[in-house]
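Enquirer: The structure follows.
Derivation of every value follows stated rules applied to the coordinates shown; laboratory data play no part. Treat the numbers as computed from the prediction; the structure is a model and nothing was measured. Don't worry about glycine lacking a Cβ; one is built from the backbone with ideal geometry, like all the others, and counts go over all protein chains shown.
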């Protein structure tokens, strides 16, 4: 077996889980993780060197990468880690580029994940914790200028807003599409 095939097999083994909810957490975490390296790259096409603050989002890479490992021990902890990493990533982006870029729309897939992955008994507490964390993050991001710490222009803000609307919608739809099998598995 060639090294690429071995690496791919190891990756599939790492992400796989017999628990459908853990498998969903793992898959979503890997989707986000696989997009992390490209985020600064596509922002650089819009912002040039002002995209450098996007590199701060890489702080959350280990959190997304750890979701399958945590899921092997506790599915609820893995779901919580995934949601928390998403909120942290969204907050970092909002601080870097401002709330005018609509990056806070990425809280929507986090909320959808909480509804899907947290069982009925944990859902209320999980949603309350998510809402509190998102509210705190939202308040924190309101302290930065409209263009964020990067100081981007109104035109750049509008461009990023379009990208973020499409991306947050796409991620939410991907989550819903992947979750459709959970009812069949239940």
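Enquirer: State yes or no: is residue 40 surrounded by 18 or more Cβ atoms within 10 Å (Cβ to Cβ) and part of a helix (DSSP H, G or I)?
Expert: no
Enquirer: Turning to a different aspect of this structure: Without any contact (Cβ under 8 Å) to a residue 24 or more places away in the chain, under 17 Å from the mean Cα position of the chain (by Cα) and surrounded by fewer than 20 Cβ atoms within 10 Å (Cβ to Cβ), is that true of residue 77?
Expert: yes
Enquirer: Follow-up. For the stretch 171-181, how many residues meet the condition of being surrounded by 12 or more Cβ atoms within 10 Å (Cβ to Cβ) and without any contact (Cβ under 8 Å) to a residue 60 or more places away in the chain?
Expert: Of the residues in that region, 1 qualify.
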